[in-house]
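Peer 1: Input: one structure, supplied below.
The values are calculated or read from the model by the stated rules, or taken from the named source; none is laboratory data. Here the structure is a predicted model, which means the values were calculated and not measured. All Cβ positions, glycine included, derive from the backbone under ideal geometry; neighbour counts span all protein chains shown. All accessible areas refer to the heavy atoms of the entire protein, side chains included, with ligands and DNA or RNA removed. Shrake-Rupley method; radii C 1.70, N 1.55, O 1.52, S 1.80 Å.
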Amino acid sequence: MNKTILIVDDEVHIRILMEQTLEELEDQGVELLTATNGAEALDLIQTRRPDLVFLDVMMPKMNGFEVCQAVKQDTASQNTYIIMLTAKGQELDQKQGLEAGANLYMTKPFDPDDVLEKAAAVLALEL
Amino acid sequence: MTTPPIYGIRNFLVRLKSWLKPLKVIHKIGLGYALVAGVAITGTVTGVAIAQRHQQRAYQGNEDAVEEILRIKRIENAITRFISHERKLIIWIDDPEEFLANYDLYRDSAEDFEHEWNALLSEYREDIAAGVEETDAELALLDDLIETYGDAVENNLTEIDRFVQELDFDTLQGERLIQARQAFIDLNRRASTTTLERFEIELSEFASFIEQDEIQEAQEVIETSGRLQLQIVILSVVLSLLAAGLLAYAISRTIVRPLKAVQETALNVVQDDNFHLRAAVVNSDEISSLAQSLNQLIEWVGEYTYALKTTQQDLENQAHELNAIIDNLGDGLLVIDARGTITRSNPVLEQMFRLEGMTLKGMAVDAVFDQQIIELVAQNQAYPQRSLRAEVNLLNQHTGQALVTDITADEPAIKSSQGTVVLIRDITDKKEVEQMKTDFLSTVSHELRTPLTSILGFAKLIQKKLPDTLADTGKADRTMRTVQRNLSIILSEGERLTLLINDVLDISKIEAGKINWALEPTSMTTVIESAISTMSVLARDHGLALTADIAPEMPLVMCDLNRLIQVVINLISNAIKFTDSGSVVCRVYRQQTHIITSVIDTGIGLSPRDIDKVFEKFTQVGEIMTDKPKGTGLGLSICKQIIEHHGGRIWAESKLGQGSTFSFSLPARLPQEPPKL
């Protein structure tokens, strides 16, 4: 079964950057999904069951913490690996993110290599 | 020209006064007694002397009288002899020898009489001429005697002489003798005998009269002199009484009156509180000296009283000023004594807790305030040396910041706390502003990061994927290298921008108090080991030895572990950045109540001018034009903020070219201390 990664960000450029960063994994059969807001992300998580979610925090409608909380509270989706990816880099936010159930917390701006390495590691793929 | 006596007396009194003035009281009293005694003694002596003189005069008079009587007796005797010899002449008329012998005796006695009589008369005349008083009766008697008998003897003698001349003893015989004898008898009888005999008797009476008179006179003189003596003594007693009265008056004048004046002055000073009054100083005796001392005392007391009043007034003014300051203070003030009783509050505080109109003074703090205030006060009183800062909830969702400090007396002798001062500032508005600022910063940070993420991300991807995509055609090789270098610059600058954003956000959050500090008892060993493990790769890359040197048995410190690691990493990072070769050592040791952590490098060092500036914001040490900046310029500033928040201090020691030592101190957590809130 193919692995799936969901990229959630309201910024189109960030989505494109993420897609390009994870291109190499796509070559290995990983499917990349994108969502532009929290609600859409939650919808996709419930329907497509991605293995890994890169979740932006500050988004319209529903923010990343809320999405994360919802995902981790749902027994069906609670094993989803969630990496919070946010511009807010302070401890308070990090703590809040981890409390919401995120597995990892990465700050923007990020090094594409780090993101790629993390994703590969989570999905147990080799680069 | 003569001075009227009244002026003379007045003049004398004035001079006496001016002579008495400088005398001491004791001399004045002595003088008074001397005066009284002098009057008494003089009076008595005078009286006795006068009486003595009178008595002497009386004795003299007596003696004179006796002499006079003796003379009269001699006169009597002469007359007796005269009469006797005359009679014998009659007998011896027949014997011429005997007769003549007798006649000689007769003449002798006449001579004796003459002599004494004349002496008596001349004495009387002398006495009268000398003014010696004789009684009228005596004079009258004497005059009588002179008139009656003055010539009796002489007449007798004349007749007898004539008779004798006529005698012729040769023929006197017989009848002739009888006739002669008869004639002689007749003559005798007629001329003298009876007269002389009467004269004799009267002289005798005169003598006894004189005797009587003189005795009486002497007695009178003695009586008079006794009376005189008594009068003089009485007079002297009266005079000395008068002098004593004068003395008493003088004493009252010179002693009692000035004393009374001094006493009145003292009384008036006390009653009227008037320190301008002075006792009169009229002369130089003891009382004047007392008055002078009193004046000095009044002056001093006046000065002290004035100084005291001034000080009191100053204190009152200060107290009023202080009250005004406290009442108009913008912050709420609450003062509680060591027993938890409210001793002071101000209107702002009363408004904050809606306590207007209540008398807070004297009430227990527990009875008026809620738990948060009570706890702050209790904590302060338990650990007075530590001042507390805490946020408290006020009414209407207002927030106050309370600063709780203890009242420590200035005197080192009083060690215990005197109470607690709570100062509450309404920081609701400030908090709102801070919230807005934080939100703004957060947003700005986010808004900056998003494009930065794209820029850096894409640059990184290009850098990574370009060589793969473009075949090594040789022609494109140079272009390729240029693009790679440019991308490197974009990335490095972008990373710098990212760091800057992080640091700005960091420092603004610390300054706004927005950081949640996770303070826990922590070992510095943990902090140093974490920092070293993070930085060891970088150190190795620079060819530097990074080691720890931690003294044994270090007490723990209360700190936020991650923040402290951040500080140590920052210091190590700086040390590596400015050290070309050698080592970086992290040393931890104890200095009394503090733990000192030093990061010691062997790098380029700092000039004294730069040392002071390194902890300022955006300060990059060194020449801007030649040294490439290697940081944001906020790292040490953040370190300073973090260390100071922990109650510590950070400083640098260095010499150009001899390496630098950056150290910070943190209060050691001593076992007996309670966990900090």
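Peer 1: Considering every residue in B:453-463, what mean count of other chain Cβ atoms within 10 Å of its Cβ is obtained?
Peer 2: For peptide B:453-463, the averaged partner shielding equals 6.
Peer 1: Sticking with this structure for a sec: In Å and whole numbers, how far do the C-alpha atoms of the range A:4-121 stretch along each principal axis, longest first?
Peer 2: Largest to smallest, the principal-axis extents are 33, 31, 25 Å.
Peer 1: Nearest 10 degrees is fine. How inclined is helix B:635-645 to the longest principal axis of chain B, computing both from alpha carbons?
Peer 2: 50
Peer 1: Buried accessible area between A and B (1.4 Å probe, both chains summed, ligands and nucleic acids excluded), in Å² to the nearest 100? Write out the running numbers ahead of the final one.
Peer 2: On the way: alone 6720 and 41700 Å², together 46490 Å².
Separately minus together, A and B give about 1900 Å² buried.
Peer 1: Taking a point 7 angstrom from the Cα of A:Glu24 along the C-beta vector, which residues in the range A:105-121 have backbone N less than 16 Å away?
Peer 2: A:111-121
Peer 1: Also, quick follow-up: Would you mind pulling out the separation of the Cα centroids of the range B:223-275 and the range B:321-349, in Å?
Peer 2: Between the Cα centre of the range B:223-275 and that of the range B:321-349, the gap is 71 Å.
Peer 1: Accessible area per residue of the protein assembly as shown at 1.4 Å probe, in Å²?
Peer 2: Working: 46490 Å² over 804 residues.
I get 58 Å² per residue for the protein assembly as shown.
Peer 1: Where in the range B:449-554 are there GluC sites (Glu not before Pro) that are in a DSSP coil and have at most 15 other Cβ atoms within 10 angstrom of their Cβ? It would help to have the intermediate numbers written out before the result.
Peer 2: Values: sites: B:Glu493, B:Glu495, B:Glu511, B:Glu529, B:Glu553; in loops: B:Glu553.
In loop regions of the range B:449-554 (DSSP not H, G, I, E or B), the sparsely surrounded GluC sites (Glu not before Pro) are B:Glu553.
Peer 1: OK, next. Determine the percent antiparallel among the DSSP beta bridges restricted to the protein assembly as shown, to the nearest 5. Write out the running numbers ahead of the final one.
Peer 2: Working: 50 of 74 bridges.
Antiparallel bridges make up about 70 percent of those DSSP assigns within the protein assembly as shown.
Peer 1: Turning to a different aspect of this structure: Got a sec? Which residues of the range A:10-38 lose 50 Å² or more of accessible surface with every protein chain in place, vs. that chain alone, 1.4 Å probe?
Peer 2: Relative to the lone chain, where solvent access is computed with a 1.4 Å probe, the range A:10-38 loses at least 50 Å² at A:Leu17.
Peer 1: Using a 7 Å offset from the Cα along the Cα-to-Cβ direction at both B:Thr195 and B:Leu70, what is the distance between the two label points in nm, to one decimal?
Peer 2: It is 3.1 nm.
Peer 1: Continuing with this model, one more query. Given the pairs A:Lys61/A:Lys118; B:Lys509/B:Lys613; B:Lys509/B:Lys655; A:Lys3/A:Lys95; B:Lys437/B:Lys464, which are separated by over 32 angstrom at their Cα positions? Provide the component values of the computation, followed by the final result.
Peer 2: On the way: A:Lys61/A:Lys118 28 Å; B:Lys509/B:Lys613 22 Å; B:Lys509/B:Lys655 34 Å; A:Lys3/A:Lys95 29 Å; B:Lys437/B:Lys464 39 Å.
In this structure, B:Lys509/B:Lys655; B:Lys437/B:Lys464 exceed 32 Å between Cα atoms.
Peer 1: Now for a different question. Could you give the length gained on full extension between B:Arg125 and B:His542, defined as 0.36 nm per residue of separation minus the Cα-Cα distance, in nm?
Peer 2: Details: separation 417, 0.36 × 417 = 150.12 nm, distance 17.05 nm.
Value of the extension gain: 133.1 nm.
Peer 1: A further question follows. Using 7 Å Cα-to-Cβ label points, what is the B:Lys437/B:Asn562 separation (nm, one decimal)?
Peer 2: My value for the distance between the label points is 2.3 nm.
Peer 1: In addition: Could you state the number of Å between the C-alpha centres of the range A:1-69 and the range B:481-523?
Peer 2: 26
Peer 1: Moving on to the next point. Roughly how many percent of the accessible protein surface of the protein assembly as shown is carbon and sulfur, given a 1.4 Å probe and a whole-percent answer? Don't skip to the answer; put the middle values down first.
Peer 2: On the way: 25310 of 46490 Å².
It is 54 percent, rounded to a whole number.
Peer 1: Taking every residue in B:438-448, how many Cβ atoms of other protein chains lie within 10 Å of its Cβ, on average? Numbers along the way, then the final one.
Peer 2: Working: counts 0, 0, 0, 0, 5, 2, 0, 5, 7, 2, 3.
Whole-number average of other-chain Cβ neighbours for B:438-448 is 2.
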